[in-house]
2 protein chains.
Amino acid sequence: MPDEPLYFQSHVFVCTNLRPAGHKRGCCAEKDSEKLRDYMKVRAKELGVKGTRINSAGCLDRCEYGPVLVIYPEGIWYSYHDRADIDEIIDTHLVKGERVERLLLQPQDRRRDRPDP
Amino acid sequence: MPDEPLYFQSHVFVCTNLRPAGHKRGCCAEKDSEKLRDYMKVRAKELGVKGTRINSAGCLDRCEYGPVLVIYPEGIWYSYHDRADIDEIIDTHLVKGERVERLLLQPQDRRRDRPDP
């Protein structure tokens, strides 16, 4: 449970890790995560979403499901692919406080070669 | 409140943002945050700390108090300066689940030029 008061009510971490081409796990950066992070920052600002910080993060270790982002303090992970997905995460999760069920990562979505984090 | 189950029981984000020399807000990278992040990762692994991920993050926007890190889902922020501080955060916060009071950032520790996040 979070300690109060939280500095950011929603803190979004968008993986922008870049690996060399051909790496067996892939990486989020090769799937446009940097551009989509930029879009998310701009769009959230345009919409006046308050108390939210959208950050870049290094490898979040769920590369196989990337691009991924995680939102705290809820600890909710999403796999997104385009601007429409980002729009839905902003509107449904950040604004309404609900979940975008179709984009949720599941607990069993773990790295396949080393299942325990 | 976090949704259960959490993928990582403790998710640490260490700011490693680098700004050009002389920037008025400074940056965490110029205060050795990359080396200290590396140390934290190695030391947590050596100690066998479970369920924890130590990540790099882009600018966390509390540069004036840097280097800073934040631990979720608790939403606890620390200002640290050396390996002894990192050791204490690992032992007290990550292992024992307590708080390192002397290193805590306070709610009023906001960026001075734009107080509302």
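Numbers below:
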quantity	calculated
Any hit, region B:87-97, residues being open to solvent by less than 50 Å² (accessible area, probe 1.4 Å), facing another protein chain (nearest Cβ under 10 Å) and touching a Leu at 6+ places or on another chain (Cβ under 9 Å)	no
Criterion violated by A:Glu4 - all others in (1) in a helix (DSSP H, G or I); (2) within 10 Å of chain B (Cβ to nearest Cβ); (3) among the charged types (D, E, K, R) satisfied	(1)
Count of region A:57-78 residues which are open to solvent by 20 Å² or more (accessible area, probe 1.4 Å) and either more than 8 Å from chain B (Cβ to nearest Cβ) or of a type in the set (D, E, K, R) (or both)	3
Segments classed as strands (runs of 3 or more DSSP E), wholly inside region B:20-117, with at least 2 members that are under 13 Å from the mean Cα position of the chain (by Cα), farther than 17 Å from A:Ala57 by Cβ and among the hydroxyl-bearing types (Ser, Thr, Tyr)	B:76-79
Output for region A:7-28, where each listed residue is within 13 Å of another protein chain (Cβ to nearest Cβ) and surrounded by 17 or more Cβ atoms within 10 Å (Cβ to Cβ)	A:Tyr7, A:Phe8, A:Gln9, A:Ser10, A:His11, A:Val12, A:Phe13, A:Val14, A:Cys15, A:Thr16, A:Asn17, A:Cys28
The one condition in (1) more than 14 Å from every other protein chain (Cβ to nearest Cβ); (2) open to solvent by 10 Å² or more (accessible area, probe 1.4 Å) that A:Leu104 fails to fulfil	(1)
Some residue of region A:42-56 being of a type in the set (S, T, N, Q), within 22 Å of B:Cys15 (Cβ to Cβ) and open to solvent by 10 Å² or more (accessible area, probe 1.4 Å)	yes
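Residues are listed down the side, and each one gets a yes or a no for (1) within 23 Å of A:Pro107 (Cα to Cα); (2) in contact with a helix residue (DSSP H, G or I) (Cβ under 8 Å, 6 or more places away or on another chain); (3) touching a residue at least 60 places away in the same chain (Cβ under 8 Å):
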| position | (1), (2), (3) |
| --- | --- |
| A:Pro2 | yes, no, yes |
| A:Ser10 | yes, yes, yes |
| A:Arg37 | no, no, no |
| A:Lys45 | no, no, no |
| A:Gly48 | no, no, no |
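The values are calculated or read from the model by the stated rules, or taken from the named source; none is laboratory data. Keep in mind that what you see is a predicted model, and the values were worked out from it rather than measured. FYI the Cβ positions are ideal-geometry reconstructions off the backbone, even for glycines, and counts take in every protein chain you see. These area figures cover heavy atoms from the full protein model, side chains too; ligands, DNA and RNA do not enter into them. Shrake-Rupley method; radii C 1.70, N 1.55, O 1.52, S 1.80 Å.
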